[in-house]
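For reference, the structure discussed in these notes is given below.
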Amino acid sequence: MIKVVACLIEKENRVLIAKRSTGDESVLNKWEFPGGKVEPGEKEEQAIEREIKEEFELVIKTRKFIINNVYEYPNKKVDLRLYWCDYIAGDFKLHDHSEYVWVEKENVLNYDLAPADIPLAIYVKENCV
């Protein structure tokens, strides 16, 4: 199983999601909470901060764990772990995504989300008000 971390960043009652432009076909062109794989020996909080720096050139600070979802894609099984994070600094530069959007929580399910992200989005919509 692959441990993957994702971040929930809020701004003006909207959350950040991004459209994947690289990687596995099962998530290509799907919307997701940004993040990535946890490297061996790396803490989850370090991984999410590193991934957001690599993918968007943003500095964030991990606040707390929210929820996880274990999902089995055709060629891999992931444990997707969502963390509440604070934006600290930086301007968006997209490296692994074609777009990003700040979406109202109640509208997050209107996007074509990666399958592993759907239960997280439901949780965010219903509980992170």
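The values are calculated or read from the model by the stated rules, or taken from the named source; none is laboratory data. Computed from a predicted structure; not experimentally measured. Here Cβ is always computed from backbone atoms with ideal geometry, including for glycine, and neighbour counts include all displayed protein chains.
Brief remarks follow.
- Annotation: of all residues in the range 87-111 being loosely packed, with under 13 Cβ neighbours inside 10 Å and assigned to a loop (DSSP other than H, G, I, E, B), the one that is farthest from the chain's Cα centre (by Cα) is 91.
- Residues in the range 43-86 that are loosely packed, with under 14 Cβ neighbours inside 10 Å, assigned to a strand (DSSP E or B) and either in contact (Cβ under 8 Å) with a residue 40 or more places away in the chain or within 12 Å of the chain's Cα centre (by Cα) (or both): 70, 76, 77, 86.
- Unique residue being in contact with a Gly (Cβ under 8 Å, 6 or more places away or on another chain) and at pLDDT below 95 when the list is 91, 96: 96
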